[in-house]
Amino acid sequence: MTDSAQRKTAGPQRKRILQASLAAAVIALGAFFAAMAFASSSAVTIDSASNAKLDQQVLVNAQGRTLYVLTPETAKHLLCKTSECLEF
């Protein structure tokens, strides 16, 4: 292939690569903004409620569903003491 022929085919290839790169960047940027919007708009409501079957307080979500119950653990006696566990 001659120099002239190579330049003629390199132009369209370069253009397709540039278009594909631009499209990928736009999709990635859109996904980033969508994730940020979703993360910032979701509020979590946590409360405690009395559970008659257990005869104690349990942690519940906004719909009243139990999130956490661990009988041996109290406010003064935590079973979870590692930094990973205490992050929540």
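Listed values, structure above:
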item: Every pair of residues 6+ apart whose Cβ atoms lie under 9 Å, when the first sits in region 77-88 and is part of a helix (DSSP H, G or I) while the second is surrounded by 10 or more Cβ atoms within 10 Å (Cβ to Cβ) and aliphatic (A, V, I, L, M); result: Cys85/Leu78; Leu86/Leu78
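Residue by residue, here is whether (1) more than 30 Å from the chain's Cα centre (by Cα); (2) at pLDDT 85 or above holds:
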residue: Gly11; (1), (2): yes, no
residue: Arg16; (1), (2): yes, yes
residue: Ser21; (1), (2): no, yes
residue: Gln57; (1), (2): no, no
residue: Leu67; (1), (2): no, no
residue: Pro72; (1), (2): yes, no
residue: Cys80; (1), (2): no, no
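The values are calculated or read from the model by the stated rules, or taken from the named source; none is laboratory data. In this text, all values refer to a predicted model and were calculated from it rather than measured experimentally. Virtual Cβ from ideal backbone geometry, glycine too; neighbours counted across all protein chains shown.
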